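Have a look at the structure below before the remarks.
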Amino acid sequence: MSELPTAWRNPAKFEGTLRSLTTTERDNLPSPLVPLLIWNSTDGALQGYNGSAWFSFPDSISLTEIGFLDGVTAGTATASKAVVLGASKEIATITAATITTLTSTTVNATNVAFAAGATFDADHGAVSATGNDTTQSATVTKAWGTITTGSLTTAAAGSTDVVLTLTGVTAGDPVFVTPAGGTNTRTYEILAVITTTNTITVTIRNVDLINALNGTIKFYYFWVKA
């Protein structure tokens with residue numbers, strides 16, 4: 001039997017349970033076992049032997065390299081396997097999931113159900129519209145939020161269009177609008193809500209047949225992507 005190299009018999013060459021060898025000492029090992037891990041003090045790297053060559057472990061590992069570990073496909077979730085995110089940091093497909101708390105910028109799902117007693121909260125905005133008694137306008141960036149008009153003096157039986165610009169809206173998308181107060185004390189109604197490309201138009205009608213509106217109107221909107 002060949003004598004073990006000095007490096008293997010020198011206690012100073014051990015760090016914990018991992019052998020610390022120079023490149024020369026590593027290359028002089030007779031028939032290294034597979035698998036074998038060492039710390040290469042020359043290169044300052046964790047290295048392994050695969051039966052034919054030495055290789056260094058990188059500081060980071062790619063999705064492709066992770067895929068070889070356990071048959072994991074990047075971007076997919078497989079039963080009893082690790083989840084590896086794709087380049088877009090998305091999981092391609094999950095058939096079903098029960099989630100207690102979800103924090104996400106975007107959730108795309110065919111069917112989302114909320115259990116009894118569950119609450120739904122999403123990032124929303126409060127925006128003030130500006131304009132005149134004929135048209136008020138505002139730019140919004142959230143799927144739902146609160147709009148407050150400027151002070152309106154819309155004539156009796158007249159109407160005011162509040163035009164919201166929201167990127168992503170398309171014609172036919174449903175938008176739910178609910179009155180939420182304001183300083184106006186006259187009676188009014190939400191007459192119509194119409195969606196076109198990147199636009200939501202909310203028509204407010206003064207139903208008082210004698211008096212003009214006399215203040216701001218506040219309402220909630222909720223856009224659902226069709």
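Read-outs throughout are calculated quantities, based only on the coordinates presented, and are distinct from any laboratory measurement. The structure displayed is predicted, hence computed values, not measured ones. Using ideal geometry, Cβ is built from the backbone for each residue, glycine included, and neighbour counts are taken over all protein chains shown.
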> How would you rank 49-56, 18-25, highest first, on the average number of other Cβ atoms within 10 Å across their residues?
Replying inline: 18-25, 49-56
>> If I stretch the segment between residue 210 and residue 156 completely, what's the gain in nm (0.36 nm per residue apart, minus their alpha carbon distance), one decimal?
In response: 18.9 nm
> Can you give the Rg and Dmax of region 113-226 based on its C-alpha atoms, in angstrom?
Replying inline: 14.6, 48
>> Run the numbers for residue 24 and residue 192: contour at 0.36 nm per residue of separation, minus the present Cα-Cα distance, in nm.
In response: 52.3 nm
> Once you put a point 7 Å from the Cα of residue 98 and another 7 Å from the Cα of residue 57, both along the Cβ direction, what distance in nm separates them?
Replying inline: 3.6 nm
